[in-house]
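Read the structure below first, then the notes.
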Number of protein chains: 2
Amino acid sequence: MTNILGTTMVTQVGIIVRDIEARARAWADVLGVEMPPIHTTDSVDVAQTEYNGQPTIARARQTFFHLGQVDLELLEPLDAPSTWDDQLSGHGDSLHHIAFKIAGMQEKLAYLDAKGIPLIQRGEYTGGRYAYVDGTTQLGTILELLESD
Amino acid sequence: MTNILGTTMVTQVGIIVRDIEARARAWADVLGVEMPPIHTTDSVDVAQTEYNGQPTIARARQTFFHLGQVDLELLEPLDAPSTWDDQLSGHGDSLHHIAFKIAGMQEKLAYLDAKGIPLIQRGEYTGGRYAYVDGTTQLGTILELLESD
């Protein structure tokens, strides 16, 4: 049996929220930790953000809580179209994805596509790139693949 | 600052699915692992299952994939009412909760309730008990608390 992802270690869980300051403050309160910094993802010219194969101006404000092996990511969608905005529009504040660190992005995406798990959004960030694949039909959730340079 | 949960380690991510055999098979295929066994949660007389403070006959079929620190749990709702059935009815196959192992269930539930994160469902299983709290408004997701005997 082949592990398509090359790993079984979940490294991140992502939550889409309408108000990232309020939700981050509540998480910090419950966990008893400092309020983490909130960043905005790069603009499309830098991130080369693509949604359903087309460039998109959509961005997100994001922050992270480090919970052992897993980072909890909060994402507040900015503009559209994006998988982040789709989730907020369709389901309100809610869990969005679980992420795996992978190597060989193109190969992984091709394998997953052949399994009925298509690419929906991708982009670059300093030090690497991400891709969301729509595993809702096959796996019950969106996955994020994270590849470092 | 006090950590209300007493831990910051996420130990489980739960996905609600309509067809647990098909979704478990797809996960096993993607991860390159054996198909795990599927169990059914105990009936209400054993599990003492309560939903919104009232006994409920609802159960779930469940299976687990061990992904490092985190167990990935698939849950197929049986009967109603339950938070599992609410999720499937409202959102289809989707991520449902993230779980933490805690000690002192009653105290934790009281703290969370005071923060606007109320209990929605609880039950017993061999070796421990679980409680789901509705953190959707405050945290963007349902949490599960797991307490071992």
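The values are calculated or read from the model by the stated rules, or taken from the named source; none is laboratory data. None of these values were measured; they are calculated from a predicted model. All Cβ positions, glycine included, derive from the backbone under ideal geometry; neighbour counts span all protein chains shown. Protein only, heavy atoms only, side chains kept; ligands, DNA and RNA dropped before computing areas. Shrake-Rupley method; radii C 1.70, N 1.55, O 1.52, S 1.80 Å.
On inspection, A:LEU146 does not qualify as within 12 Å of chain B (Cβ to nearest Cβ) and under 11 Å from the mean Cα position of the chain (by Cα).
Checked against (1) within 13 Å of chain B (Cβ to nearest Cβ); (2) farther than 20 Å from A:GLY128 by Cα, A:GLU73 passes all but condition (2). Of all residues in region B:40-64, those satisfying the criterion of being open to solvent by less than 10 Å² (accessible area, probe 1.4 Å) and part of a strand (DSSP E or B) are B:ALA60, B:THR63.
In the set A:ILE38, A:ILE20, A:ILE16, only one residue is facing chain B (nearest Cβ under 9 Å) and modelled with pLDDT of 95 or more; that residue is A:ILE16. Only one entry of A:GLY68, A:GLY116, A:GLY140, A:GLY104 meets the criterion of being at pLDDT below 95, more than 15 Å from the chain's Cα centre (by Cα) and open to solvent by less than 50 Å² (accessible area, probe 1.4 Å), and that entry is A:GLY68.
Of the set (1) out of contact with any Phe, Trp or Tyr (no Cβ under 9 Å at 6 or more places or on another chain); (2) within 10 Å of chain B (Cβ to nearest Cβ); (3) modelled with pLDDT under 95, all apply to A:ASP45 but (2). For region A:111-143, residues that are hydrophobic (A, V, I, L, M, F, W, C) and away from chain B (no Cβ under 14 Å) total 3. Every condition in (1) open to solvent by 10 Å² or more (accessible area, probe 1.4 Å); (2) at the interface with another protein chain (Cβ under 9 Å from one of its Cβ atoms); (3) touching a residue at least 12 places away in the same chain (Cβ under 8 Å); (4) part of a helix (DSSP H, G or I) is met by A:ASP29 except one, and the failing one is (3). Quick check on my filter: what residues within region A:119-134 are open to solvent by less than 20 Å² (accessible area, probe 1.4 Å) and in contact with a Pro (Cβ under 7 Å, 6 or more places away or on another chain)? Selection gives A:VAL133 alone.
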